[in-house]
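Take a look at the structure below.
The values are calculated or read from the model by the stated rules, or taken from the named source; none is laboratory data. Since the model is a prediction, treat every value here as computed from it, not as a measurement. With ideal geometry, Cβ positions are generated from the backbone for all residues, glycine too; neighbour counts draw on all protein chains shown. Surface areas here come from the heavy atoms of the whole protein model, side chains and all, with no ligands, DNA or RNA. Shrake-Rupley method; radii C 1.70, N 1.55, O 1.52, S 1.80 Å.
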Amino acid sequence: SDPRTRKWMLRCSSCGRVGYRADAPEKFFGRAHLIRYFSPITLDEAGTCDECAETARSLKNEEGA
């Protein structure tokens with residue numbers, strides 16, 4: 001809930017998974033909390049996590065086949 005921690009958090013626009021930015025600095029207020037409860041997450045331009053993007057690509061490939 002602290003804004004100093006919230007700025008490093010991300011949410012996937014597809015599945016709603018919450019994580020912290022993979023490029024977060026090694027030392028900042030609340031890092032221990034983020035590491036304990038969340039995992040690093042990267043989002044693409046559309047705000048989709050890697051897992052959802054991979055699923056979407058797989059489905060698209062199956063439809064095209």
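Just need the relative contact order of the chain here, percent rounded to a whole number, with Cα pairs under 8 Å and 6+ apart.
It comes to 31 percent, rounded to a whole number.
Can you list which of the chymotrypsin sites (Phe, Trp or Tyr not before Pro) found in the chain are DSSP loop residues with at most 14 other C-beta atoms within 10 Å?
Filter output for the chain: 28, 29.
Top mean-square fluctuation among 11, 36, 21, Gaussian network model of the chain, C-alpha springs under 10 Å?
36
Suppose R0 equals 35 Å. What FRET efficiency, 1/(1 + (r/R0)^6) with r the Cβ-Cβ distance, do residue 63 and residue 28 give to the nearest 0.05?
So, using R0 = 35 Å, E works out to roughly 0.25.
How large is ³J(HN,Hα), in whole Hz, for each residue of the range 29-40 in order, when computed from phi with the Karplus curve 6.51 cos²θ - 1.76 cosθ + 1.60 and θ = phi - 60°, using x for Gly and Pro?
Whole-Hz 3J(HN,Hα) from phi for the range 29-40: 4, x, 4, 4, 5, 4, 5, 5, 9, 9, 10, x.
If you roll a 1.4 Å probe over the chain with all protein chains in place, what percent of the accessible area is carbon or sulfur?
After summing per-atom areas, the C and S share lands at 52 percent.
Can you give the accessible area per residue of the chain, in Å², using a 1.4 Å probe?
75
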